[in-house]
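> Input: one structure, supplied below.
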Amino acid sequence: MRHGWTLLLLLATQVASAQAPPRGVVLAGDEPTLHEALGAAREAGTARWDGEVVSAPEPTPTPELTALLDAYFDGEYVRCLEITGRAELETNRLLADGHRHAAGMVVAARAACLERLHESERSRAALRQLLVQDLVSAEVEDLLRGDLHQLLEALRGELESEARVRVSVTSEPSGARVTVDAGSVSCDATPCRFLLRAGPHHFRVELDGYRHASQTRAVGPEDGALAFSLGRPSMAESRVTLAATLSTRPEVTPDLLRDVANAWGRRLVLSTWRHDASVAAALYDRERDAVVTGTEPIGPRAVELAVNQAIREWTHAGEAPIWPWILGGAAALVAAAVVIGLVVGLQSEPEPQWVLRFSE
């Protein structure tokens with residue numbers, strides 16, 4: 001009888017695990033959206049949901065950039081140079097963070113302030129940097145007027161006559177995306193080859209699921225080669241990187257959300273994001289390696305509607321939220337009862353038998 005109860009306990013444990021809903025994580029770009037999305041997901045009752053706010057990359061250092069331009073237009077050229085030397089406005093750092101426009105404005109302001117302080121050679125070098133790294137924009141040209149603009153155009157003509165440098169970029173593993181100078185030129189998958197102007201360039205190499213690599217290198221007059229080795233990030237690094245990616249790349253893909261599911265250790269990932277007044281949601285199921293995307297409703301209940309739509313489409317795609325667990329649990333209990341009955345029957349004492357003997 002003792003063995004029968006042991007078997008019943010084991011079967012009951014299996015029933016409990018079969019009834020346990022899958023685990024999922026809800027990701028959103030801000031606390032209010034997360035609160036609404038997590039509430040709607042938990043109310044749906046299809047999984048055990050946790051939630052987390054995914055953080056965007058560092059914003060453009062607007063206060064420092066504003067202070068720089070104010071110093072220039074106020075004629076405080078020494079202060080202007082001092083501000084351009086701050087760590088927050090270091091050109092390579094801005095390019096590494098993807099702030100291409102800010103980098104161009106900083107270099108242009110440096111060139112203008114140096115010119116006003118009669119530092120002609122250093123001003124010329126800054127203008128050349130603008131052209132080499134392709135940082136010239138309409139706002140930069142507005143800042144560089146008069147003699148500076150004429151010098152910029154003269155330098156542009158000189159650079160056009162110079163032969164470009166052929167640079168090859170490889171990575172291990174291959175297939176990584178390469179951006180040069182925060183988007184001046186790019187390549188979707190290594191190995192890559194670029195034709196660049198001689199001078200300093202910032203290279204960034206990225207591959208989903210790996211730690212990104214970056215390097216600023218002065219490209220010489222001869223062909224060059226750069227090799228990057230991409231290592232696997234820690235769990236904490238994976239979450240930070242993937243959170244930043246999700247916050248800037250709403251076009252979610254199975255590859256991206258598979259990495260998210262692995263980083264958070266969840267079967268389900270429900271990603272929500274806002275487009276102006278509308279909200280969209282995408283639900284990824286690691287077991288099926290598939291993404292279900294909800295509609296983009298507009299209105300006060302947009303988050304709830306988008307989440308419900310994504311969960312409903314996922315359910316209709318083959319995930320029954322509760323009935324399989326109930327039926328499976330009932331069947332397991334019936335089977336357990338049958339097994340226990342057999343065990344009890346086999347282990348019970350045999351009925352006494354009477355043997356009659358007749359004497360002669």
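The values are calculated or read from the model by the stated rules, or taken from the named source; none is laboratory data. Since we're looking at a predicted model, the values are computed, not measured. Note that each Cβ is placed from the backbone with ideal geometry, even for glycine, and that neighbours are counted across all protein chains shown.
> Which members of region 175-191 meet the condition of being exposed (fewer than 12 other Cβ atoms within 10 Å of the Cβ) and either closer than 25 Å to GLY220 by Cβ or more than 31 Å from the chain's Cα centre (by Cα) (or both)?
none
> Is it true that some residue in region 226-240 is more than 13 Å from the chain's Cα centre (by Cα) and among the acidic types (Asp, Glu)?
Taking every residue of region 226-240 in turn, none turns out to be more than 13 Å from the chain's Cα centre (by Cα) and among the acidic types (Asp, Glu).
> Which of the residues spanning region 59-70 are without any contact (Cβ under 8 Å) to a residue 40 or more places away in the chain and not acidic (Asp, Glu)?
Matches in region 59-70: PRO59, THR62, PRO63, THR66, ALA67.
> Scan (1) assigned by TED's automatic domain parsing to the domain that holds GLY39; (2) crowded, with 18+ Cβ neighbours inside 10 Å; (3) in contact with a Lys or Arg (Cβ under 9 Å, 6 or more places away or on another chain) for the single condition LEU283 breaks and write down its number.
Answer for LEU283: the failing condition is (3).
> Give me the helices (runs of 4 or more DSSP H) completely within region 1-115, filtered to those with at least 1 residues that are aromatic (Phe, Trp, Tyr), at pLDDT below 90 and surrounded by 17 or more Cβ atoms within 10 Å (Cβ to Cβ), ordered by residue number.
Qualifying helices (runs of 4 or more DSSP H): none found.
> Regarding GLU139, is this residue modelled with pLDDT of 90 or more and assigned to a helix (DSSP H, G or I)?
For GLU139, the condition - modelled with pLDDT of 90 or more and assigned to a helix (DSSP H, G or I) - is met.
> Then there's this: Out of region 212-267, which residues are of a type in the set (Val, Ile, Thr) and surrounded by fewer than 19 Cβ atoms within 10 Å (Cβ to Cβ)?
Hits for region 212-267 are THR216, VAL240, THR245, THR248, THR253.
> Does VAL291 qualify as being of a type in the set (Val, Ile, Thr), modelled with pLDDT of 80 or more, touching a Ser or Thr at 6+ places or on another chain (Cβ under 8 Å) and surrounded by fewer than 21 Cβ atoms within 10 Å (Cβ to Cβ)?
Taking the combined requirement at face value, the residue satisfies it.
> Tally the residues that are at pLDDT below 90 and under 14 Å from GLU172 (Cβ atoms), restricting the search to region 210-224.
3
> Checking ALA126 against (1) out of contact with any helix residue (DSSP H, G or I) (no Cβ under 7 Å at 6 or more places or on another chain); (2) buried (at least 19 other Cβ atoms within 10 Å of the Cβ), which test does it fail?
(1)
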